[in-house]
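*Asks:* Here's a structure for you.
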Amino acid sequence: MSRLAETIATLNVPLGLKVLLDAQVVRRRRAGRSVLYYRTPDGDRLIAATTTPP
């Protein structure tokens, strides 16, 4: 597990999401009363760079 992932795992969810939003690796949008979070292209590249294929 990467250091960033370990740090985020120990934070509470709202703070973790704020860190990801500030880093511009996720974005959010509202769908009715829900807020949806999704990865940006930078977030996709980060995941691809830190994972190994099966």
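The values are calculated or read from the model by the stated rules, or taken from the named source; none is laboratory data. Every value quoted in this text rests on a predicted model; they were computed, and no experiment measured them. Don't worry about glycine lacking a Cβ; one is built from the backbone with ideal geometry, like all the others, and counts go over all protein chains shown.
*Asks:* Which of the residues belonging to region 11-54 are basic (Lys, Arg) and either surrounded by 13 or more Cβ atoms within 10 Å (Cβ to Cβ) or not in a loop (DSSP other than H, G, I, E, B) (or both)? Working first, answer last.
*Replies:* Within region 11-54, the first condition is being basic (Lys, Arg), and the residues that meet it are 18, 27-30, 33, 39, 45.
Within region 11-54, Lys18, Arg27, Arg28, Arg29, Arg30, Arg39, Arg45 qualify.
*Asks:* Right, here's the next one. Within region 8-17, can you find the residues that are at pLDDT below 70 and hydrophobic (A, V, I, L, M, F, W, C)?
*Replies:* Residues satisfying the conditions are Ile8, Ala9, Leu11.
The rows are residues; the columns are (1) at pLDDT 80 or above; (2) not polar (S, T, N, Q).
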{"site": "Ser2", "(1), (2)": "no, no"}
{"site": "Glu6", "(1), (2)": "no, yes"}
{"site": "Val19", "(1), (2)": "yes, yes"}
{"site": "Val25", "(1), (2)": "yes, yes"}
{"site": "Arg29", "(1), (2)": "yes, yes"}
{"site": "Tyr37", "(1), (2)": "yes, yes"}
{"site": "Ile47", "(1), (2)": "yes, yes"}
